[in-house]
Amino acid sequence: MAESLDNGAVASLRAHAQQAEHGLQTQALPGPTGESNELRLHGRGVIAVLAQGATPAEIHAAIAAAVVAGNAVVLLGADNSERLREVWLRAGLPAALLSLQPGDNGTQNALLADARLAGVCLAGAANSSGRAVLRQLVARPGAILPLISAAEVANPRQQYRFAAEQTLTINTAAAGGNAALLAGLH
């Protein structure tokens, strides 16, 4: 996939993919005897990447971080969005994972109110709309959505911000996994 991206985008994609390989794996959690606990991280869904004032490198990093975590991206307000999308499509990204929207206020407001939205990323460090976006996200009904900053995108260790957590607890004693535990209950 990375062959048609520039060197900065390739480096960002590799860093995020490497972090996702380790940081987004299912993790065993401690628990009592007779219980199995796991933490799973998976994509949130659709992430809006607000690209007003962002450099191409910042936009590529935001797209890489979102996609590697298992999300689709709606890119909003990038000056050269068609060219950026074409680069990702040539690199092998499925077309359904990256869509484009104009960066006007009406489109942004509609996108931020859309129930299908799972998170928002401010791609550029110079993007000054963070407070306004945060106010819109807080006013939404339903689940609280993350607002991911450009600083978090730049740090691959923050990859988990693009993922949703899920815990799985299995009572192995009830499933016959620990008969000694049940025998001691008389």
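The table below lists the values:
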| item | result |
| --- | --- |
| Over region 51-177 - Rg/Rh using Cα atoms and the Kirkwood inverse-distance radius | 1.06 |
| Highest to lowest packing among 81-94, 138-151, scored as the average C-beta count within 10 Å | 81-94, 138-151 |
| Contour minus Cα-Cα distance for Leu97 and Glu165 (0.36 nm per residue) | 22.4 nm |
| Ordering of 56-69, 29-42, 160-173 by packing [mean C-beta count within 10 Å, highest first] | 56-69, 160-173, 29-42 |
| Inter-site label distance for Asn37 and Arg14 at 7 Å from Cα along Cβ, in nm | 3.8 nm |
| All-pairs Cα distance distribution in region 97-153, expressed in whole percent, bin size 5 Å | 4, 17, 30, 29, 18, 3 |
| Segment Asn109-Ala139, extension gain: residue separation times 0.36 nm, minus the distance between their alpha carbons | 9.6 nm |
| Alpha-carbon radius of gyration plus Dmax, which is the widest Cα pair, for region 39-105 in Å | 11.6, 39 |
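Readers should treat all values here as calculations from the given coordinates under stated rules, not as data from a laboratory. Since the structure is predicted, the reported quantities are computational estimates derived from the model, not experimental observations. Methodologically, a virtual Cβ is constructed for each residue, glycine included, from the backbone with ideal geometry; neighbour enumeration extends over all protein chains shown.
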